[in-house]
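A.B. asks: The structure's right below; bear with me while I get my questions together.
Quick note: the coordinates plus some simple rules give every number you see, no bench work behind them. These numbers come from a predicted model, not from an experiment. Cβ atoms come from the backbone with ideal geometry, glycine included; neighbour counts cover every protein chain shown.
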Amino acid sequence: MRGESGIRPSPKPLLRNNWQLVLVCNSNSVNGAQVTVNGRWHTGDGSDTLYCPTGCSAAYTKVNSDN
C-alpha cells in the first residue's frame, strides 16, 4: 500500500497494567521530521531492543502505559 512501511504496530493486550517501550528518532535529512518505533506490549518484566531506521538518529525514549 502506498505510504505504508509494512510495519504494523503490535496489538494492545486486553488486560491492563501493560507497558510498551517507544523510541523516537529524528530524520538526518529532513529538519523536524520524526519517526516513532514501537516495541511490543509487555506485562511485568520484559525487554525490547529498538533501532532507528537508516537515515535517522535517536532523539529520546518513552514508555506507553495503559494504567
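A.B. asks: Quick check: pseudo-label points 7 Å beyond the Cα along Cα→Cβ at residue 43 and residue 57, how many nm apart are they?
C.D. replies: In this crude spin-label approximation the distance works out to 4.0 nm.
A.B. asks: Using only Cα atoms, locate the centre of segment 17-32 and the centre of segment 35-67, then give the distance between them in Å, rounded to an integer.
C.D. replies: 7
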